[in-house]
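**Q** Below is one structure. I have some questions about it.
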Amino acid sequence: MLLRTRCNLSFIVAEPTPFILMLRPRSDALQWVAHQSYNLAPGVPAMEFTDSYGNLCQRLVAPPGAFSIYTSADVMTSPTIDVAPGAPFDEVQTLPDEVLTYLLPSRYCESELFAEMAAEIVAGVAPGYDQVACITAWIRREVRFNPASPYSHMAASAVNERREGVCRDLAHLGIALCRSLCIPARIVAGYLHGLEPMDLHAWFEAYVGGRWYTFDPTQDAPRGGRVTIARGHDAANVAIFSQFGPPLVRNDMEVSVDLLGSLS
């Protein structure tokens, strides 16, 4: 399916402020970016680089006053996601080198705290994909997905205690539970066609059966129509913008995902 994604941001800036943005999807094995536009108002010089996770990042200095970022991308992506019940657990000693880092605790995913809880959740379940599916179903049942949650920037332990959160929070809990079982897991930030209410979205991927699979505790069934912007250990690595200096005012954010056509 061909999707058009848009994310427009506006700020009020008090003084020249450095930004790092992460708003541009890139083509890979799962998506093809057919067209993109990226406009800054007022126009300022920007430099792009690729971070250690392979994400496209843009750095700039926003001038004082009103500052806006307008982005759009036409992306070909699958209307479904792969599922693989029974896909086996990968022994740590056989994992690719680049996957090992996703076994480690991180800022928002304190996996060292969840070993006992994770073992209870997946008791009797075959190691591998089925364990991750079980964890995802447990989160869906036990943790309320609330896009308007009053809590912010929660680590997995706080999500487990409060039993509600935004999509990012549910992903953090899923990642922490997976890592505690020695299953590599990472966060994904991007867009989901048909998401209600529409916003930027987050889910997680787990490495089982020799590859990464998508899991989303906010959805009641596997859903495609996803456009990935960034991947990382947790939300600290996939922020769509980071600003450095005095606090600023975010005036507005508009997100849309429109279906332009289907794969023939």
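**Q** Has the stretch 102-109 got at least one residue that is within 24 Å of Gly224 (Cβ to Cβ), modelled with pLDDT of 95 or more and in contact with a helix residue (DSSP H, G or I) (Cβ under 8 Å, 6 or more places away or on another chain)?
**A** Let us first name the residues in the stretch 102-109 that are within 24 Å of Gly224 (Cβ to Cβ), namely 102.
Then drop every residue that is not modelled with pLDDT of 95 or more, which leaves 102.
The next check asks that each one be in contact with a helix residue (DSSP H, G or I) (Cβ under 8 Å, 6 or more places away or on another chain); those that pass are 102.
Looking through the stretch 102-109, at least one residue is within 24 Å of Gly224 (Cβ to Cβ), modelled with pLDDT of 95 or more and in contact with a helix residue (DSSP H, G or I) (Cβ under 8 Å, 6 or more places away or on another chain).
**Q** Can you go through Gln93, Gln31, Gln36, Gln58 and tell me which one is surrounded by fewer than 14 Cβ atoms within 10 Å (Cβ to Cβ) and of a type in the set (S, T, N, Q)?
**A** Details: Gln31 fails: surrounded by fewer than 14 Cβ atoms within 10 Å (Cβ to Cβ); Gln36 fails: surrounded by fewer than 14 Cβ atoms within 10 Å (Cβ to Cβ); Gln58 fails: surrounded by fewer than 14 Cβ atoms within 10 Å (Cβ to Cβ).
So the residue among Gln93, Gln31, Gln36, Gln58 that is surrounded by fewer than 14 Cβ atoms within 10 Å (Cβ to Cβ) and of a type in the set (S, T, N, Q) is Gln93.
**Q** Further, regarding this structure: Confirm whether Asn251 is under 19 Å from Leu23 (Cβ atoms) and surrounded by fewer than 15 Cβ atoms within 10 Å (Cβ to Cβ). I'd like the intermediate steps shown before the answer.
**A** Numbers: under 19 Å from Leu23 (Cβ atoms): yes; surrounded by fewer than 15 Cβ atoms within 10 Å (Cβ to Cβ): yes.
Here the answer is yes, as Asn251 does meet what is asked.
**Q** Filter the stretch 241-264 down to residues that are in contact (Cβ under 8 Å) with a residue 24 or more places away in the chain and hydroxyl-bearing (Ser, Thr, Tyr) and give me whichever is nearest to Ala62 (Cα to Cα). Walk me through it before giving the result.
**A** Initially, the stretch 241-264 is screened for residues in contact (Cβ under 8 Å) with a residue 24 or more places away in the chain, giving 241-246, 248-263.
From what's left, hydroxyl-bearing (Ser, Thr, Tyr): 242, 256, 262.
Numbers: Ser242: 12, Ser256: 24, Ser262: 38 Å.
Out of the qualifying residues, it is Ser242.
**Q** Got a sec? Which of Ser157, Ser149 is farther than 16 Å from Asp234 by Cβ and of a type in the set (S, T, N, Q)? So that I can check it myself, show each step before the final result.
**A** Details: Ser157 fails: farther than 16 Å from Asp234 by Cβ.
Answer to the selection: Ser149.
**Q** Could you grab me the full set of residues in the stretch 14-67 that are among the β-branched types (Val, Ile, Thr) and touching a residue at least 60 places away in the same chain (Cβ under 8 Å)? Talk me through it step by step, then tell me what you get.
**A** Taking the stretch 14-67 first, the residues among the β-branched types (Val, Ile, Thr) are 17, 20, 33, 44, 50, 61.
Passing the criteria: Thr17, Ile20.
**Q** Also: Name the strands (runs of 3 or more DSSP E) wholly within the stretch 203-264 that hold at least 2 residues that are more than 12 Å from the chain's Cα centre (by Cα), modelled with pLDDT of 95 or more and closer than 20 Å to Ser78 by Cβ?
**A** On the way: elements: 211-215, 226-232, 241-243, 249-261.
Passing ranges, in order: 211-215, 249-261.
The values are calculated or read from the model by the stated rules, or taken from the named source; none is laboratory data. This one's a predicted model, so the numbers in the text were calculated from it and none came from an experiment. Don't worry about glycine lacking a Cβ; one is built from the backbone with ideal geometry, like all the others, and counts go over all protein chains shown.
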